[in-house]
Amino acid sequence: MIRKLIDYYRQFEELSPEEISRELIEKRHAERAQALTEVPALDLSTPAWHAPPDAEAVNAATYALRRAVNAYPDPAPLHEAIAARHGIEADHVVAGHGAGELLRSAFRTLHGAEVAVAWPGWGYLPRLLSEAGATPVAVEPDVDALAAAPARAVVVCSPNDPTGELIDVAALADRLDEAVWLIVDAALAEFAPDDAHAGLLGARERVIVVRSFSKAHAMAGLRAGYALGNDVAALAPVAGVSAPAQAAMLWALESGEAIVARRRAAAARERERLAAALRDTPFAFAAGHGPLIWLESTEQDGSAIAAGLAAQRIYVTPGAAWGDEKHVRIALRDGAATDRLSAALADL
């Protein structure tokens with residue numbers, strides 16, 4: 001390190017003070033010009049909401065952290081608020097460390113079973129099922145195909161990650177044999193026009209619906225979620241969910257509907273804007289709900305699309321992560337991001 005410093009300053013030994021100042025100023029100007037012209041990276045690969053949570057949710061979590069972090073929190077008020085939101089009894093609710101951990105817990109009862117998974121779906125589902133000792137079998141995300149699958153359980157993601165499409169879970173619940181478990185990953189449910197998932201509890205005994213605060217509530221860092229079901233107490237994490245996470249969830253349930261509605265409208269708006277921008281181009285994606293789109297091209301495969309966007313410092317998830325070579329998953333953000341994305345696609 002010392003040698004590098006000596007070599008650096010040696011270049012100035014034969015220069016006058018005026019020359020040294022001029023050279024340093026020119027170098028600084030060049031560095032600033034490069035920084036101004038460099039295009040910032042745009043990460044459209046993560047399904048978490050791109051903006052921070054509401055400040056009041058953060059305040060609620062912070063207050064809980066300061067007030068009683070030395071004590072185990074009581075989940076009863078949160079469970080009662082969730083139950084009231086869905087019009088069910090509190091004993092049909094359990095809070096957990098995000099939708100993923102609740103699904104992991106639910107899958108433990110499926111050891112040795114064959115499980116039909118609507119595919120493509122949330123990317124972690126096959127791994128979580130395999131870890132639980134179950135055998136995941138990919139099935140088209142179609143009610144007829146899923147109802148006909150010879151499986152002990154059916155797992156669906158609706159609205160779907162990565163496509164944003166809805167599966168008619170009520171119709172699926174009616175079609176499934178009573179001995180079959182129906183497990184619904186509803187992490188994106190707030191982006192759907194109607195929330196009919198809780199109604200499944202009255203339609204069949206073997207059903208679990210998992211919800212998340214990571215997406216529409218923008219609380220991915222808190223790892224907060226809950227499950228609805230007729231017998232979900234066993235899914236609860238040992239000693240419960242942290243006090244800050246519970247406080248933020250409770251605030252979101254009681255006061256967060258307005259901001260969720262704005263995010264739902266923003267996601268719908270950007271889907272519509274991008275669809276309009278891509279009209280009469282080789283690119284297209286299915287109609288759906290939420291910020292995730294499943295883009296394909298008639299001229300390029302998914303890897304080529306992802307590489308072409310990466311060359312413009314826009315990063316998306318290739319469909320190869322789902323075993324699909326035709327698509328890429330893109331997480332929409334705000335209007336500026338949509339404009340940049342559509343312009344980049346036009347250059348591919």
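What to note about this one:
- Computed about the Cα centre, the dipole magnitude for the chain is approximately 760 debye when only Lys and Arg (+1) and Asp and Glu (-1) carry charge, each at its Cβ.
- Each 5 Å bin from zero holds the following percent of Cα-Cα pairs in region 138-272: 2, 9, 18, 21, 18, 16, 10, 5, 1.
- Gyration tensor over alpha-carbon atoms, region 246-290, equivalent ellipsoid semi-axes in Å: 33, 9, 6
- Direction-averaged projected area, Cα convex hull, region 229-348: 10.7 nm², rounded to one decimal.
- Put a dot 7 Å past the Cα of residue 51, heading toward its Cβ, do the same for residue 127, and the two dots end up 3.0 nm apart.
- Inter-part distance where region 199-224 and region 255-270 are each reduced to a Cα centre, Å: 18
- Backbone geometry of region 65-80 corresponds, through the Karplus equation with coefficients 6.51, -1.76 and 1.60 at θ = phi - 60°, to 3J(HN,Hα) couplings of 5, 7, 7, 8, 6, 7, 10, 6, x, 8, x, 4, x, 5, 4, 5 Hz, x marking Gly and Pro.
- Calculated over region 171-219, the projected area of the Cα convex hull averaged across directions stands at 3.4 nm².
- With the highest mean first, a sort of the peptides 141-148, 244-251, 207-214 on other beta-carbon atoms found within 10 angstrom per residue produces 207-214, 244-251, 141-148.
- Options 278, 222, 261, ranked by Cα towards positive dipole end of the chain, top entry (Cβ charges): 222
- Remark: the residue 287-residue 321 segment gains 10.1 nm on full extension, using 0.36 nm per residue and subtracting the alpha carbon distance.
- Relative contact order, percent, the chain [alpha-carbon distance under 8 Å, six or more residues apart]: 20
- Peptides 94-103, 324-333, 63-72, 308-317 ranked from most to least packed, by the mean per-residue count of other Cβ atoms within 10 Å: 94-103, 324-333, 308-317, 63-72.
- Mean projected area (nm²) of the alpha-carbon convex hull when the chain is viewed from all directions: 24.3
- Amide H to amide H distances under 5 Å link residue 94 with 227, where only residues 5 or more positions off or on other chains count and H is placed in the peptide plane.
- For region 296-311 versus region 331-345, the gap between their alpha-carbon centres in whole angstrom: 15
Quick note: the coordinates plus some simple rules give every number you see, no bench work behind them. It should be emphasised that the depicted structure is a prediction, and the values quoted were computed from it without experimental measurement. Note that each Cβ is placed from the backbone with ideal geometry, even for glycine, and that neighbours are counted across all protein chains shown.
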